[in-house]
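The values are calculated or read from the model by the stated rules, or taken from the named source; none is laboratory data. None of the values given here were measured: they were computed from a predicted structure. Heads up, the Cβs are rebuilt from the backbone with ideal geometry, glycines too, and the neighbour counts pull from every protein chain shown. Remember, those area values only see protein heavy atoms, side chains included, never the ligands or the DNA or RNA. Shrake-Rupley method; radii C 1.70, N 1.55, O 1.52, S 1.80 Å.
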Amino acid sequence: MVRTRVGYAGGSSADPTYRNVGDHAETVQVDYDPAVISYEELLRVFWAAHSPTTRPWSSQYASIIFYHDEQERRLAEQGRDAQAARSGGPIYTQILPYEKFYLAEDYHQKYRLQQWPRVLDELQAVDPRAADLLDSTAVARVNGYLGGHGDLVTLQAELQALGLDPAALEGLLALLEARGR
């Protein structure tokens, strides 16, 4: 993952916010390097990470894949069809063309990381600009680890690539070790 950001998409109202989301859905924008992970693999992760057979109780929480081109649309539809064949029931995940993404409020960004202020403080000491935290690959990766995605072995293998200072790395490792990851 190069970067993840949370926000709103898929609706018609201008400038949605959490308190005034209108007809938009809460969504995650994912930037990735196709040389490292394919779109097909991202779709496999997406389908495995949620229950597409559960009807959303509002448009705000709808399951949606926003595609950017016909190949992405085709692959998303193939994944949906495979899920339908496996489940034997209806799939409520929508597949829609990407139009516009509205960035969510700061307090929604890197939510898991915000639950660990010690690690967040250490990361901000490395790069105190909030925009860099939002756009940082290292911060996205750390947020994912804190959210339970990835394990200690994988983290240890990529420590140098994260570019974090030793205090932040020690804090993160201690957290994951304590959780038995």
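A few notes on this one:
- A count restricted to region 99-128 and to residues that are more than 30 Å from Ser13 (Cα to Cα) and of a type in the set (Lys, Arg) stands at 1.
- Filter result (among the hydrophobic types (A, V, I, L, M, F, W, C), more than 24 Å from Arg19 (Cβ to Cβ) and part of a loop (DSSP other than H, G, I, E, B)) within region 91-105: Ile91
- Filtered residues of region 8-60 (kept if without any contact (Cβ under 8 Å) to a residue 40 or more places away in the chain, more than 19 Å from Gly79 (Cα to Cα) and of a type in the set (A, V, I, L, M, F, W, C)): Ala14, Val21, Ala25, Ala35, Val36, Trp57
- Filter result (β-branched (Val, Ile, Thr) and within 13 Å of the chain's Cα centre (by Cα)) within region 2-37: Val2, Thr4, Val6, Thr27, Val28, Val30
- Listing of helices (runs of 4 or more DSSP H) fully contained in region 135-181 that carry 1 or more residues being touching a helix residue (DSSP H, G or I) at 6+ places or on another chain (Cβ under 7 Å), modelled with pLDDT under 75 and open to solvent by less than 50 Å² (accessible area, probe 1.4 Å): 152-162, 166-178
- Complete set of residues in region 19-39 that are modelled with pLDDT of 95 or more and of a type in the set (Phe, Trp, Tyr): Tyr39
- Pairs are defined by a Cβ separation below 9 Å, a sequence spacing of at least 6 or placement on different chains, a first member in region 149-177 that is under 14 Å from Ala138 (Cα atoms), and a second member that is at pLDDT below 75 and not in a helix (DSSP H, G or I); the pairs so defined are Gly150/Arg181; Leu155/Arg181; Leu172/Leu164.
- Only one of the listed residues (Glu99, Glu70, Glu105, Glu77) is farther than 28 Å from Ala138 by Cβ and touching a residue at least 60 places away in the same chain (Cβ under 8 Å). That residue is Glu99.
- Considering region 91-107, the residues that are of a type outside the set (Phe, Trp, Tyr) and open to solvent by 90 Å² or more (accessible area, probe 1.4 Å) include one that is farthest from Leu159 (Cα to Cα), namely Glu99.
- Breaking point among (1) without any contact (Cβ under 8 Å) to a residue 24 or more places away in the chain; (2) open to solvent by less than 70 Å² (accessible area, probe 1.4 Å); (3) of a type in the set (Lys, Arg), for Lys110: (1)
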